[in-house]
Amino acid sequence: MTSSYDLIVIGAGALGTFHAFHAAKAGKRVLLLEKDRYPIGATVRNFGQAVPSGLAGRWFDYGRRSLEIYQEIQQQTDITVRQNGTIYIASDADEWTLANELHDRYQGIGYTSELWTKAQCLAKYPTLKPDYVVGGIYFPQEMSVEPEQMIHRLIAFAQRKYGVDYRPGSVVVDAQSTARGATVTLSNRQQFQAERVFICSGHEVRLLFPEVLAQAGLVVSKLQMLLVEPVAGLNLPGNILTGLTIRRYESFQECPSYERVVANTPEHLTELKKWGIHILFKQATDGSIIVGDSHEYAEATQAEDLGYHTQDFINELMLTEARRIVNLPLTVRKTWAGFYSQTKDEIFEHSIDDNIQLVTGIGGKGMSSGAGYAENNIQKWVK
């Protein structure tokens, strides 16, 4: 017997869940399928930062809308969203120039930012080492969440509020168009019918449509992160991003001085940039601090080459740079690797046919802009 829905979403990470959420909110009957007992991919292995300030183009717009969506949901139920701001700490004159240029650009489009002096940064974050800080650019409207909790609470809210039918442990082995829409088949031979299917399964898209993946140009990024033990009495509000982030994020790449700055990378940053390291700090609600991260890349068809382990020398590079920035013990509790897919075209959107759409390769933008992007994607279909 085949159960029928308006929409089936495959993959219950942030991207898939927000597609399901927005469709159900619009009155559609939605089935959300997750192959594991609970999401274990990029959605729960990241910093838990909603930072549109680091994005560019339409992704900034989606990120800006995502902040509103997070706020709307948080007012109805606790999904761990905290509006506690983002600060980028400039460590030299070049990074400070980029911070000023970004501030000017955001002032022109009405996105609130504040330039903080060295003294203001140190007053707010006294654990920062004075020798590191030149100044900072602060975004008070930005948010942080607890990544290991947020998605579970969001799914529960979508079930309770809008009737999303969520089925974890459902391994999809086939998706085929039919005269009535599309049919999805699970590994236990159970079938579901829907008018439309969105496949939001991260870099695992190869499980269903390997021939599409082979032509997609997708790249898988492996990130290493560390969790350090709480420090008694320490309060690090918001998302703390540093000089290497200023030298990396897309928004700064649009600044007039960016090309000159990256052409003059200081020698002591060369090895860090080689491994895609930029240092971020975010304190969790239990007082522990996430520190990271690094980036290694492989073609999606060869993702296994990245390995499942973390490399100690990369962790040491991150810790050494982190200790140059903050005066903290940084006692490591655990380390882990996260994986996400990305593409040069910002995201991989591919229609198998009129009824089945692949949406993956959002890269590291999912937490910051996935909610707004999914809303826009669903609106195009609902219309």
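The values are calculated or read from the model by the stated rules, or taken from the named source; none is laboratory data. Since the structure is predicted, the reported quantities are computational estimates derived from the model, not experimental observations. Backbone-built Cβ (ideal geometry, glycine too); neighbour counts: all protein chains shown. Ligands, DNA and RNA are stripped out before the accessible areas are found, and what is left, the full protein with its side chains, is counted by its heavy atoms. Shrake-Rupley method; radii C 1.70, N 1.55, O 1.52, S 1.80 Å.
Angle, helix 14-25 long axis vs. longest principal axis of the chain, Cα atoms, 0 to 90°, nearest 10?
Value to nearest ten degrees: 60.
Taking 8 Å as the Cα distance limit and 6 or more residues as the minimum spacing, I'd like the relative contact order of segment 1-96 as a percentage.
Working: 70 pairs, mean separation 17.1, N = 96.
Once normalised by length, the contact order is 18 percent.
Under a Cβ-only charge scheme (Lys and Arg +1, Asp and Glu -1), can you give me the dipole magnitude of segment 142-220 about the Cα centre, in debye to the nearest 20?
It comes to approximately 340 debye.
Roll a 1.4 Å probe over the protein chains and send me the accessible area per residue for segment 113-267 in Å².
Working: 6630 Å² over 155 residues.
For segment 113-267, the solvent-accessible area averages 43 Å² per residue.
Using the Cα centre of the chain as the reference point, and only Cβ charges (+1 on K/R, -1 on D/E), how large is the resulting charge dipole? Debye, rounded to the nearest 20. Walk me through the numbers before you get to the answer.
Working: 37 positive and 43 negative charges, 197 e Å.
For the chain, the charge dipole is close to 940 debye.
Measuring from the lowest to the highest alpha carbon on each principal axis, how far does segment 128-285 reach, largest first, in angstroms?
Result, largest extent first: 65, 42, 28 Å.
Calculate how steeply helix 366-382 sits against the longest principal axis of the alpha-carbon atoms of the chain, using the helix alpha-carbon long axis, and give the answer as 0 to 90 degrees to the nearest 10.
Tilt relative to the chain: about 30 degrees.
Leaving ligands, DNA and RNA out of it, report the carbon-plus-sulfur percent of the accessible area of the chain at a 1.4 Å probe. List each step's numbers first, then the result.
Values: 7540 of 15820 Å².
Roughly 48 percent, rounded to a whole number.
Among the lysines, which fall within straight-line cross-link reach of residue 344, defined as a Cα-Cα distance under 20 Å, with same-chain neighbours fewer than 8 residues apart omitted?
Partners found: 222, 273, 274, 365.
Between residue 93 and residue 75, how many nm apart are label points set 7 Å from Cα along the C-beta direction?
Computed distance between label sites residue 93 and residue 75 equals 4.7 nm.
Among the aspartates and glutamates, select those whose C-alpha is under 17 Å from the C-alpha of residue 129, and discard any that sit fewer than 8 residues away in the same chain.
92, 95, 321
For segment 274-282, in order, what is each residue's ³J(HN,Hα) by Karplus, 6.51 cos²θ - 1.76 cosθ + 1.60 with θ = phi - 60°, in whole Hz (x at glycine and Pro)?
Once θ is set to phi - 60°, the couplings for segment 274-282 become 4, 9, x, 8, 9, 8, 10, 10, 8 Hz.
Hey, how many Å between the Cα centroid of segment 287-327 and the Cα centroid of segment 329-353?
So the separation of the two Cα centres works out to 13 Å.
Could you order peptides 365-378, 21-34 by the average number of other Cβ atoms within 10 Å of their residues, highest first?
Those peptides, ordered most packed to least, come out 365-378, 21-34.
Identify the residues of segment 321-350 with backbone N under 13 Å of a label point that sits 7 angstrom from the Cα of residue 234 along the Cα-to-Cβ direction, or state none.
322-334
What is the spin-label model distance, in nm, from residue 271 to residue 100 if the labels are put 7 Å beyond Cα along the C-beta direction?
Label at residue 271, label at residue 100, 3.3 nm between them.
Could you tell me the relative contact order of the chain? Use alpha-carbon pairs under 8 Å, at least six residues apart, and round to a whole percent.
Working: 833 pairs, mean separation 101.5, N = 383.
That works out to 26 percent.
Take the eigenvalues of the Cα gyration tensor for segment 277-383, scale each by 5, and report the square roots as semi-axes in whole Å, largest first. Display every interim value, and only then the final one.
Numbers: eigenvalues 237, 69, 22 Å².
After scaling each eigenvalue by five and taking roots: 34, 19, 11 Å.
Residue farthest toward the positive end of the dipole of segment 271-383, with Cβ of Lys/Arg at +1 and Asp/Glu at -1: which of 355, 309, 325?
Value: 325.
If you take the beta carbon distance between residue 379 and residue 58 as r and set R0 to 25 Å, what does 1/(1 + (r/R0)^6) give as a FRET efficiency, to the nearest 0.05?
Values: r = 14 Å, r/R0 = 0.56.
Using R0 = 25 Å, I get an efficiency of 0.95.
Relative to the longest principal Cα axis of the chain, at what angle does helix 58-74 sit, 0 to 90 degrees, rounded to 10?
Helix 58-74 and the main axis of the chain meet at about 80 degrees.
So how much accessible area does residue 96 have, in Å² to the nearest 10, using a 1.4 Å probe?
Roll a 1.4 Å probe over it and residue 96 shows about 70 Å².
If R0 is 45 Å, what FRET efficiency do you get for residue 264 and residue 211 from their C-beta distance, rounded to 0.05?
On the way: r = 45 Å, r/R0 = 0.99.
Once the sixth-power term is evaluated, E becomes 0.50.
Just checking my list (i) 18.8; (ii) 19.9; (iii) 17.8 against mean projected area of the Cα convex hull in nm² computed from this structure; which label fits?
(i)
What distance in nm separates the simple spin-label points at residue 195 and residue 305, each placed 7 Å from Cα in the Cβ direction?
Reported label-point gap for residue 195 and residue 305 is 4.4 nm.
To the nearest Å, what is the center-to-center distance of segment 84-132 and segment 174-251, using C-alpha atoms only?
Computed from Cα coordinates, the inter-centre distance equals 31 Å.
What is the magnitude of the charge dipole of segment 194-326 about its Cα centre, with +1 placed on the Cβ of each Lys and Arg, -1 on the Cβ of each Asp and Glu, and no other charges, expressed in debye to the nearest 20?
On the way: 11 positive and 18 negative charges, 84 e Å.
So the magnitude is around 400 debye.
Taking only DSSP H segments of four or more residues, each worth -39500 (n - 2.57), what value at 222 nm results for the chain once the sum is divided by all its residues, to the nearest 500 deg cm²/dmol? Show your work: numbers first, answer last.
Numbers: 12 runs with 126 residues, N = 383.
It comes out at -10000 deg cm²/dmol, rounded to the nearest 500.
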